[in-house]
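> If you scroll down you'll find the structure; I have some questions about it.
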Amino acid sequence: MKIYLVGGAVRDKLLGIKPSEHDWVVVGASPEEMLRLGYRQVGKDFPVFLHPETKDEYALARTERKTAPGYTGFIVHATPDVSLEEDLKRRDLTINAIAEDENGKLIDPFHGQEDLQNGLLRHISPAFAEDPVRILRVARFAARFAKWGFHVAHGTNRLMRDMVEAGEVDALVPERVWAETEKALGEEHPERFFEVLRACGALARIYPEIDALFGVPQPQKHHAEIDTGVHIMMVLRQAARITTDTRVRFAALVHDLGKGTTPPSEWPSHIAHEDRGAQLVKQLAERLRIPNEYRDLGMLASRYHSHCHRAYELRAGTLLNTLEGLDAFRRPDRFEQFLLACEADARGRKGHEQDDYPQARLFQNALEACRKVDHQGLIEKGLSGEAFAIQLRQLRVKAIQQILPREDTPE
């Protein structure tokens, strides 16, 4: 019985990153022996055990054989005669197939260290094609390691494209797609996740609403990058720079989905894309079972981002309508998330990456002015119901008028 540290922990140590978790592979042992040593079995499809003290995961060395489409169609073989190299060979990428023994010696049969040095995400064997989740994982690793210049090897991208054309990604369940996407949104360069998926054709199958944005032009006056898909990737990059909140990053990603449904005869204008986009966000969230907090913020960003950008052009009554539509009075935290998504949108344009975004401050000031309105005075006057609502609105509009940097006409 021999135990090796494997996978991400070894890879991250070689990259100078402190490993967040440690996975171990056990060669030459049986489930019965592991149980006798005090390990607790947790794996159902294959033998995985928790260490009695550290609670790290220890998996018996195993091989896998493909039996059906998708990522669940495997027969697992885990016996004491399975070698370390056989176990490493079934893994996805060379950089994840490096093991370390108890003396610190590295076992690297597939040249993962060389690929780490060259910044390559390379598959180990044709067996990579047996599990479509690996496409998502490669895209996520590209997002994680983008700062070191990592890219997908040409052969791996070609294999991923073959998998897409064979329909393998169609077998992915919504929960797994979203789980990998949410992790990718938390990386330093989340835009790389979607770029890699697009490069192999998977984006059109998994996120057709996002894929449809590429090749759709926008007015060059406001968008020097022109292409909507390019713009969205720039917006997501800006969102990652200004916040670690994955909900904001998601809202930045989906705020312009409506532009993908604009008739080509109307290009480069996109009239009413905001409401169309909100419905597309809703449909996307339902299909992939995305949490409501992501869905709701994404829909609000789609519906109201243009209002935010034009804050200085809006009359006080329209500003108030927008605050109410955003439910800013009851959900101030989500309102701040919305403003961050709008800021990312404004900065996600060629030549505007460092721009200030005073529109957010104007909306914040408008909300604060409304909060200072004396509600109690209206109650003391005996107002209630519709009469109270009318008077409150009038006072709020006047309060907003007073903070606007120009004269406004009462509504």
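> How many of the residues making up the range 358-391 are part of a helix (DSSP H, G or I) and on the phi > 0 side of the Ramachandran plot?
Matching residues across the range 358-391 total 1.
> Go through the range 153-163 and count every residue that is crowded, with 19+ Cβ neighbours inside 10 Å and more than 18 Å from ASP115 (Cα to Cα).
2
> Hey, among the residues in the range 253-283 that are closer than 19 Å to HIS223 by Cβ, touching a residue at least 12 places away in the same chain (Cβ under 8 Å) and among the β-branched types (Val, Ile, Thr), which one's surrounded by the fewest Cβ atoms within 10 Å (Cβ to Cβ)?
The qualifying residue surrounded by the fewest Cβ atoms within 10 Å (Cβ to Cβ) is THR261.
> Could you check, for the range 164-171, whether at least one of its residues is buried (at least 22 other Cβ atoms within 10 Å of the Cβ) and in a helix (DSSP H, G or I)?
Taking every residue of the range 164-171 in turn, at least one turns out to be buried (at least 22 other Cβ atoms within 10 Å of the Cβ) and in a helix (DSSP H, G or I).
> For residues that are of a type in the set (Asp, Glu) and in contact with a strand residue (DSSP E or B) (Cβ under 7 Å, 6 or more places away or on another chain), scanning just the range 80-101, find the one that is farthest from VAL26 (Cα to Cα).
It comes out as ASP92.
> Counting only residues that are acidic (Asp, Glu) and touching a residue at least 40 places away in the same chain (Cβ under 8 Å), which one in the range 127-166 is nearest to GLU191 (Cα to Cα)?
Result: ASP131.
> When you scan the range 172-192, how many residues do you find that are among the hydrophobic types (A, V, I, L, M, F, W, C) and either closer than 11 Å to LEU236 by Cα or part of a loop (DSSP other than H, G, I, E, B) (or both)?
Selection size over the range 172-192: 3.
> Here is a further query. Conditions: (1) exposed (fewer than 15 other Cβ atoms within 10 Å of the Cβ); (2) not in a helix (DSSP H, G or I). GLU286 meets all but one. Number of the miss?
It fails just one condition, (2).
Residues are listed down the side, and each one gets a yes or a no for (1) under 17 Å from THR228 (Cα atoms); (2) part of a helix (DSSP H, G or I); (3) out of contact with any Cys (no Cβ under 6 Å at 6 or more places or on another chain):
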site	(1), (2), (3)
LEU253	yes, yes, yes
PRO268	yes, no, yes
ASP296	no, yes, yes
CYS308	no, yes, no
LEU319	no, yes, yes
GLU336	no, yes, yes
LEU339	no, yes, yes
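> Could you check the range 110-152 and list, in sequence order, the residues that are among the aromatic types (Phe, Trp, Tyr), assigned to a helix (DSSP H, G or I) and surrounded by 17 or more Cβ atoms within 10 Å (Cβ to Cβ)?
Scanning the range 110-152 gives PHE128, PHE141.
> Quick test for you: out of ALA224, ALA204, pick the one residue that is surrounded by fewer than 18 Cβ atoms within 10 Å (Cβ to Cβ) and either in contact with a strand residue (DSSP E or B) (Cβ under 6 Å, 6 or more places away or on another chain) or outside any loop (DSSP other than H, G, I, E, B) (or both).
When all the criteria are applied, what remains is ALA204.
A short reminder: the numbers here are calculations on the coordinates, not readings from a lab. This structure is a prediction, so every number in the text was calculated from the model and none was measured. Backbone-built Cβ (ideal geometry, glycine too); neighbour counts: all protein chains shown.
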